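This report concerns only the one structure given below.
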Amino acid sequence: MSDEKRSIPIIADEYVDMEFGTGALKITPGHDPNDYAIGKKFDLPIINIMNKDGSMNANSGARYNSLDRFDARTKLWEDMEAEGLTIKVFFFNYISFIINIYLAHYISLH
């Protein structure tokens, strides 16, 4: 893994749906409004790890610094597997998920 290690806090919040997936959720306060709200609630820092061109910056750690985001994602997953940090791999149909969220939101408004 990277030579710069950070501890990752584990928090409990009612926002997480225990019936969906593992019941665990990664919170990235700078990612979206929901994560931001949870981050504020628990005083989590916003750490920018990307440059405007989509490459990783120094906050991503020496191993990933300057890599393209897609290359960094692949490298990170390989590193996590090598360290024995992955438990389960499953493929997720993102488009179907977005459509279902949109439909659920639309139906709730009508």
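A few notes on this one:
- Filter pass, Phe20 being of a type in the set (Phe, Trp, Tyr) and either under 24 Å from Glu83 (Cα atoms) or modelled with pLDDT of 90 or more (or both): no
- Ile11 within 13 Å of the chain's Cα centre (by Cα), without any contact (Cβ under 8 Å) to a residue 40 or more places away in the chain and surrounded by 10 or more Cβ atoms within 10 Å (Cβ to Cβ): no
- All conditions in (1) within 20 Å of Ile10 (Cα to Cα); (2) acidic (Asp, Glu); (3) loosely packed, with under 12 Cβ neighbours inside 10 Å hold for Glu81, with the sole exception of (1).
- Flag for Asn57 being over 16 Å from the mean Cα position of the chain (by Cα), at negative phi and not small (Gly, Ala, Ser): yes
To keep it simple, each residue is scored yes or no on (1) at pLDDT below 85; (2) surrounded by 12 or more Cβ atoms within 10 Å (Cβ to Cβ); (3) assigned to a loop (DSSP other than H, G, I, E, B).
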| position | (1), (2), (3) |
| --- | --- |
| Ser2 | yes, yes, yes |
| Gly39 | no, yes, no |
| Ser66 | no, yes, yes |
| Phe90 | yes, no, yes |
| Ser96 | yes, no, no |
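- For region 50-64, a residue qualifies if it is among the hydroxyl-bearing types (Ser, Thr, Tyr) and not in a loop (DSSP other than H, G, I, E, B), and the qualifying residues are Ser55, Ser60.
For every residue, the table says whether it meets (1) in a loop (DSSP other than H, G, I, E, B); (2) of a type in the set (S, T, N, Q); (3) on the phi > 0 side of the Ramachandran plot.
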{"position": "Ile11", "(1), (2), (3)": "yes, no, no"}
{"position": "Glu19", "(1), (2), (3)": "yes, no, no"}
{"position": "Gly23", "(1), (2), (3)": "yes, no, yes"}
{"position": "Gly30", "(1), (2), (3)": "yes, no, no"}
{"position": "Asn48", "(1), (2), (3)": "yes, yes, no"}
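- Among the residues making up region 56-82, a single one is among the small types (Gly, Ala, Ser), touching a residue at least 24 places away in the same chain (Cβ under 8 Å) and either touching a Phe, Trp or Tyr at 6+ places or on another chain (Cβ under 9 Å) or over 19 Å from Ile46 (Cβ atoms) (or both): Ala62.
The values are calculated or read from the model by the stated rules, or taken from the named source; none is laboratory data. All values derive from a computational prediction rather than experimental measurement. Counting neighbours? That spans all protein chains shown, and the Cβs are built from the backbone with ideal geometry, glycine included.
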